[in-house]
């Protein structure tokens, strides 16, 4: 059996997800307003039981879900992924009270989650966060304010589902000058006083916005994990979700490849079919090659995550990097081989062309992923030399 082959039950489940996405989710997605949370779509995902699987399954299942949904309905895929991204820190690091309050509502699609990490001056450089959490409370016996209450000041930017989410996983600086070691993760309900936001008009159709924190109160009950250890919460979440971004990309690439195969096999040109032209056939072969290679890297990273491998961060970065770059190539080639029709509003490839660009930037741009891979490689070299 080849490496990372799917079991028959997994293959059948993926086919079922594709069918459900096409028949039940895409109609809801088409009724949604671009740039806004599609709550009927989120609720339908809940009725299907897909958000609940985010908390009970591993990385391989997550990647299978994202690839299958992306193939037939990118909006449904993104809505599910954002629920997972925003709520996973609560699942992994939340208190019993936090989990009881929010996870059932995320699972059934009645609450929308968001992951608030990026800032205007700290996009991919997550350790450079400037949103400040200032101690708010009476001085303790040592004359220093007790770190049980804080006020959040600053701004988050390019936050998916903002400003319409019901709660945010927010990363703020609790210890100035401490870099990654001075960041704390907070669970912040959207109705906290001082929290406002506005939508951004972006290329991607899903909602993205800014958040402004003007003395937003948070307490120790809102902390996810431990104070000053929030960077681990963020990186642990990204280690899980970066391979699945690659799965999203693979789903889009496969949809573009299949559309191109169908088009070139039927299109008459130059006295024959487009597929008869070697220049076309070789491009289609390259598209298939990159799509399959990306899929294998995604499954390798997901399997490494589920198996607790030591090199998960490197594999996750590799998978996201390779798969998103491959999908960009495949979709671009698909547009070229379809010609002008692929640029018409409403065409599958016009939609994919807009969707495929953002994953090379969010959750760490491609350049950041290369940096992570290189850092891990040199660290491994150092470990070997020390033996």
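The values are calculated or read from the model by the stated rules, or taken from the named source; none is laboratory data. Treat the numbers as computed from the prediction; the structure is a model and nothing was measured. As a convention, Cβ positions derive from the backbone with ideal geometry for all residues, glycine included, and neighbour counts pool all protein chains shown.
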Review point. For residue 236, all conditions in the list (1) at pLDDT 95 or above; (2) under 20 Å from the mean Cα position of the chain (by Cα) hold save one; what is the number of the exception?
Key: (1)
Revision key, fill the gap. Residue 189 meets each of (1) out of contact with any helix residue (DSSP H, G or I) (no Cβ under 8 Å at 6 or more places or on another chain); (2) touching a residue at least 12 places away in the same chain (Cβ under 8 Å); (3) over 17 Å from residue 149 (Cα atoms) with one exception, condition (3)
**Study point:** Residue in the stretch 12-19 that is closer than 24 Å to residue 164 by Cβ and within 21 Å of the chain's Cα centre (by Cα) present
**Key:** no
Practice item. Of all residues in the stretch 66-100, count the ones that are touching a residue at least 60 places away in the same chain (Cβ under 8 Å) and not in a helix (DSSP H, G or I). Key: 2
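Is it true that residue 171 is surrounded by 22 or more Cβ atoms within 10 Å (Cβ to Cβ) and outside the structural domain of residue 312 (by TED's automatic domain parsing)? If you could, list the steps in order and put the result at the bottom.
On the way: surrounded by 22 or more Cβ atoms within 10 Å (Cβ to Cβ): yes; outside the structural domain of residue 312 (by TED's automatic domain parsing): yes.
It is true that residue 171 is surrounded by 22 or more Cβ atoms within 10 Å (Cβ to Cβ) and outside the structural domain of residue 312 (by TED's automatic domain parsing).
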Review point. Is it true that some residue in the stretch 51-66 is out of contact with any helix residue (DSSP H, G or I) (no Cβ under 9 Å at 6 or more places or on another chain) and in the same structural domain as residue 104 (by TED's automatic domain parsing)?
Key: yes
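Assess whether residue 253 counts as being buried (at least 20 other Cβ atoms within 10 Å of the Cβ) and either in contact (Cβ under 8 Å) with a residue 60 or more places away in the chain or not assigned by TED's automatic domain parsing to the domain that holds residue 64 (or both). Can you show your working first?
Numbers: buried (at least 20 other Cβ atoms within 10 Å of the Cβ): yes; either in contact (Cβ under 8 Å) with a residue 60 or more places away in the chain or not assigned by TED's automatic domain parsing to the domain that holds residue 64 (or both): yes.
So residue 253 fits the description; yes.
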Point to revise | Exclusive hit being modelled with pLDDT of 95 or more, under 30 Å from residue 336 (Cα atoms) and not assigned by TED's automatic domain parsing to the domain that holds residue 158, set 246, 271 | key: 246
Exercise for review: Name the single residue, out of those in the stretch 329-387 being at positive phi and free of Cβ contacts under 8 Å to residues at least 12 places away in the same chain, that is surrounded by the fewest Cβ atoms within 10 Å (Cβ to Cβ).
Suggested key: 346
Check your understanding: Has the stretch 234-250 got any residue that is surrounded by 14 or more Cβ atoms within 10 Å (Cβ to Cβ) and over 29 Å from residue 357 (Cβ atoms)?
Key -> no
Point to revise | Residue list for the stretch 210-221, filter: surrounded by fewer than 22 Cβ atoms within 10 Å (Cβ to Cβ) and within 25 Å of the chain's Cα centre (by Cα) | key: 210, 212
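Looking at the stretch 342-358 only, could you name the residues that are in a helix (DSSP H, G or I) and either closer than 14 Å to residue 255 by Cβ or at pLDDT 95 or above (or both)?
Taking the stretch 342-358 as the starting set, the residues that turn out to be in a helix (DSSP H, G or I) are 342-343, 348-355, 358.
Those that are in a helix (DSSP H, G or I) and either closer than 14 Å to residue 255 by Cβ or at pLDDT 95 or above (or both): 342, 348, 349, 350, 351, 352, 353, 354, 355.
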Exercise for review: Collect the residues in the stretch 278-327 that are closer than 27 Å to residue 265 by Cα, in contact (Cβ under 8 Å) with a residue 60 or more places away in the chain and out of contact with any helix residue (DSSP H, G or I) (no Cβ under 6 Å at 6 or more places or on another chain), keeping them in residue-number order.
Suggested key: 296
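Out of curiosity, is residue 184 touching a strand residue (DSSP E or B) at 6+ places or on another chain (Cβ under 8 Å), crowded, with 19+ Cβ neighbours inside 10 Å and modelled with pLDDT under 95?
The answer is no for residue 184.
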Review point. Quick check: anything in the stretch 242-256 touching a strand residue (DSSP E or B) at 6+ places or on another chain (Cβ under 9 Å) and closer than 30 Å to residue 283 by Cα?
Key: no
